[in-house]
Structures are given as structure tokens and as C-alpha cells.
């Protein structure tokens, strides 16, 4: 059997997305989203834990969605985990990111209405906002 590298997240942007361009002219957007888990401990105390996830989005999708990827906006992200490494001052550093394949703007934040994008690393196209509004079911999860 093969393997699966699939990340699915719903969270809120911590700041506006930044778009940069590679020397060849390809756009790349980078931003972070927060996911928060709430629970009640055995002694009845309410607990909360927030995780931050780095997201990268390539191509035309990065350029098209950048104005809508604003601080506080809630989004749905599908993609794959990717770890990069580099060396600085003789010490190795690592970062793990989600390389986004699909982003759906869900609501919240300060700008724009609902829009969705089915992107890929090659660019993708702008999709009909109403097409992706169906709820996620068990059949959508690959395992």
C-alpha cells in the first residue's frame, strides 16, 4: 500500500498573507493560521490550546486570493505537509509547512464575501463560490 500526506485544517489567519515572487516570476503567498481546541478538564476547569500552522500557496492562486487572506479570516485549507531545512551560523534549522492545494474562505475577518479557490502548485483557477459549500462528510476523509 502507498502512503498519504494530506493535511486538512480550519482556522483563522494570524496576519495578512504576504505574497512574494520567485526570480522566475512565480507568486508564493505565506501566512499562518491558528487552530484552537477547547475542552473541560476532569476538575471542571475550561482549557484551551492553540496551534499555529504555516501555510504556503503557489502560483496564480496566491495572487488571486491574497486580498482576501486577511488577519482574522477563517479559512479551510487542504494540502500536504512539507519540511524544509537550511543552515545558519553552522546550525541546522527545520520548518514544517502545509503546501496548500485548496483554500476555501469561510467567513470572519474584515474584507470581502465568501470566495473559494481550487488551486494547485501550477496556479489553478477561480471557482464558483457556491460549489464548495457542501458539508464535509466521512467520505471526504481519505483514511
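Under 6 Å between Cβ atoms, at least 6 apart or on separate chains: pull out the pairs that start in segment 36-55 with a residue that is in contact (Cβ under 8 Å) with a residue 60 or more places away in the chain and end on any residue that is surrounded by fewer than 10 Cβ atoms within 10 Å (Cβ to Cβ) and part of a strand (DSSP E or B).
none
Exactly one condition in (1) part of a loop (DSSP other than H, G, I, E, B); (2) under 12 Å from residue 99 (Cβ atoms); (3) without any contact (Cβ under 8 Å) to a residue 40 or more places away in the chain is false for residue 83; which is it?
The failed condition is (1).
Here are some conditions: (1) loosely packed, with under 10 Cβ neighbours inside 10 Å; (2) more than 24 Å from residue 4 (Cα to Cα); (3) within 19 Å of the chain's Cα centre (by Cα). Residue 83 meets all but one. Which one does it not meet?
(2)
No lab work stands behind these numbers, since they all come straight from the coordinates. Nothing here was measured: the structure is a model prediction, and the numbers come from that model. Positions of Cβ are backbone-derived with ideal geometry, glycine not excepted, and every protein chain shown enters the neighbour counts.
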